[in-house]
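Below is one structure; the comments refer to it alone.
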Amino acid sequence: MSNTKFGLFDVEKSSSYGVSDDVHEANALERLSDDVPRSKFAKLWAIVEFLDNYGVEARGIERVPPDQRTQTSPLAPFWMWLAANMTISTFSIGCLGNSIFYLGLKDAALTIIFFNLLCTLPVAYFSTWGAKLGLRQLTLAKFSFGYFTSQFPIILNCIACVGWSVVNSIVGAQTLRAVSTTHQIPTAAAIVVIAIGTIMVSFMGYRVVHLYEKYAWVPVAIIFIIYLGQITRFTESDFGGSGTVEAGDIISFGATVAGFALGWTSLAADYTVRMPEDMSSVKIFFWTYLGLNLPLILVETLGAAAMTTFNQKTTWADAYAENSVGGLLGAGLAGPMGGFGSFLLVIMALSIIANNIPNMYSLALTFQNIHPYAQAIPRIFIVIIGSVVYIVLAIAGASHFEEWLETMLNILAYWLAIFSTILIEEHLIFRHGKWTNYNPEDFSDWRKLPLGVASFVALACGVAGAVLGMAQTWYIGVIGGMIGDPEFGGDIGFELAFAFSAIIYPPLRWIEKKYWGY
């Protein structure tokens, strides 16, 4: 940062990270000599300094120093991911097992269990990284991808955060509309209501995000239990296809489940950066893994079960046809329980906020990794701008929910499989799993990061594997078309993306490290 004054700050101060707890974060950032041109946005930072007095987080992707890691409970990531996934978005993933892939409850449930248990492993693993280095997930990615190649995952993650917020808001709006069959809230208004709740928490920052998520899951879990009691007697376990056709459907549905579970890998470390360096990695891993899988498996399976009720409850099928997932939830709650059920449905719709909060909070942190000028824009303003963008897109795409959701989930699975592979191989093979082999201060210095050629080629090869194995409505890959029904294929894009990048990266990285030095 240049040695000039802006706003209410005096930047001619020590560059030390060792700032005492009684100094506000905004002032602490001013002490950094990190070549971030915050003076270019002096008026915005003056606002940040004012808001800092009221608990709004000023810090962006700047490292959280060890003496400011005050989140000492190992249960924090458990509550975080329990709430973020105890939502109707998770429920909607289970619904896709039947609505898109025509699977019965038994096959859908087994697919949900297997792919979630597998694909949440890297999320739990990356959660341990935030505590060790005090850096955010996409900032950490620079130590594997290099400064320039890391722009690809950074941009993709920005798109993913906005995309998730779009589809989440749509399903939330559908649920709010299902509260009443006569005086329905306009879709646009419902989306804005959900967005306002998301902005309020994301705006405040890390501590408030964790505080909100610690309790947000409780009413939603109770309502899901009530809903389970309503649908149990109408479910059918043997509804679905058979043989090779069903095998292709199972694999494709598995890719969809994987996309949702892997979706948190690019955000994981963002929510552990304020945990102490000496916090047990085993504890962080375990509580993150449990916090993810409890809601993912149970709520997705509930969604799959709800889709098998239509033979006995044709009115529920009509409700689903009219308002999609929101209509299905409304049929089981507002239908039999009247006004009380409608009240429960409103709470369910607002549960989307817990899922959108990590997307908007991490969008700002991801965007700041693009360039020092992006880092100079205060986090809170990026949250607001990102929210406006996803509100507009959600209103425009409200009528294409299922198509958007299924396509986005699979694409996420493709690139996140590559992302996870490169980060894990770099850490275990080339940095020998030792945090002493990282210098956290180097994340913005391209000369002290990998050149990025190895990660770029591995990324390209991973994309090639995804193209060969994908089975989308708009394209079926050569290998994907050989599985199941030739007309629809079976999606093994994320498996091939993982395999191709995992094979290519190590030898190329060895060459790069030998001649580049980093």
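Against the longest principal axis of the chain, how steep is helix 493-516, in degrees 0 to 90 to the nearest 10, with axes from Cα atoms?
The answer is roughly 10 degrees.
Only Cα pairs under 8 Å and at least 6 apart count here; give the relative contact order of the chain as a rounded whole percent.
26 percent.
Classify the stretch 124-260 from the C-alpha gyration tensor, please: rounded if a/c falls under 1.5, else prolate or oblate depending on whether a/b exceeds b/c. Intermediate values should be presented prior to the final figure.
Numbers: a/c = 1.88, a/b = 1.27, b/c = 1.48.
The shape class here is oblate.
Using a 1.4 angstrom probe, figure out how much accessible area the chain has per residue, in square angstrom, rounded to the nearest whole.
That works out to 38 Å² per residue.
Measure off 7 Å from each Cα along the Cα-to-Cβ vector at Ser180 and Phe50, then give the distance between these two points in nanometres to one decimal.
For Ser180 paired with Phe50, the spin-label model returns 3.8 nm.
Please work out the C-alpha center-to-center distance from the stretch 258-304 to the stretch 427-471 and express it in whole Å.
Cα centroid of the stretch 258-304 versus Cα centroid of the stretch 427-471: 22 Å apart.
Considering amide H positions built from the backbone, and no H for Pro or chain starts, which residues 5 or more places from Glu62, or on another chain, come under 5 Å of its amide H?
Long-range HN contacts for Glu62: none found.
Calculate, in nm to one decimal, what Phe340 and Tyr515 gain on full extension: separation in residues at 0.36 nm each, minus their alpha carbon distance.
56.2 nm
For the residue pair Thr70 and His432, what label-to-label distance in nm results when each label sits 7 Å from Cα along the Cα-to-beta-carbon direction?
3.7
Structure shown: which of Lys448/Lys513; Lys142/Lys448; Lys132/Lys514; Lys132/Lys434; Lys142/Lys513 lie over 18 Å apart, alpha-carbon to alpha-carbon? Walk me through the numbers on the way to the answer.
Values: Lys448/Lys513 11 Å; Lys142/Lys448 10 Å; Lys132/Lys514 26 Å; Lys132/Lys434 10 Å; Lys142/Lys513 15 Å.
Checking Cα-Cα distances, Lys132/Lys514 exceed 18 Å.
Once the Cα atoms of helix 151-177 and of the chain are each reduced to a long axis, what angle between those two axes, in degrees from 0 to 90 to the nearest 10, is obtained?
In the chain, helix 151-177 runs at an angle near 40 degrees to the longest axis.
Does anyone have the angle between helix 121-133 and the longest principal axis of the chain? Alpha-carbon axes, 0 to 90°, nearest 10?
Long axis of 121-133 versus the principal axis of the chain: about 20 degrees.
Evaluate the charge dipole of the chain about its Cα centre and quote only its size in Debye, nearest 20, assuming +1 on the Cβ of each Lys and Arg and -1 on the Cβ of each Asp and Glu.
Values: 28 positive and 38 negative charges, 192 e Å.
Charge dipole of the chain: 920 debye, to the nearest 20.
Inverting the mean 1/r over all pairs of different Cα atoms, compute the Kirkwood radius of the chain and quote it in Å.
Hydrodynamic radius (Kirkwood, Cα only) of the chain equals 23.5 Å.
Can you give the helix-only mean residue ellipticity at 222 nm for the chain, where every DSSP H stretch with n ≥ 4 adds -39500 (n - 2.57) and the sum goes over all residues, rounded to the nearest 500 deg cm²/dmol?
-21500 deg cm²/dmol
What Kirkwood radius, in Å to one decimal, follows from the Cα pairs of the stretch 379-518? Display every interim value, and only then the final one.
Details: mean 1/r = 0.0572 Å⁻¹.
Roughly 17.5 Å, rounded to one decimal.
Between Trp474 and Leu290, with labels modelled 7 Å along Cα→Cβ, what's the label distance in nm to one decimal, could you check?
Going from the Trp474 label point to the Leu290 one covers 4.2 nm.
The values are calculated or read from the model by the stated rules, or taken from the named source; none is laboratory data. Values in this document were obtained by computation on a predicted structure and should not be read as measured data. Virtual Cβ from ideal backbone geometry, glycine too; neighbours counted across all protein chains shown. For the accessible areas, the whole protein counts, side chains as well, though only heavy atoms, and no ligand, DNA or RNA atoms are used. Shrake-Rupley method; radii C 1.70, N 1.55, O 1.52, S 1.80 Å.
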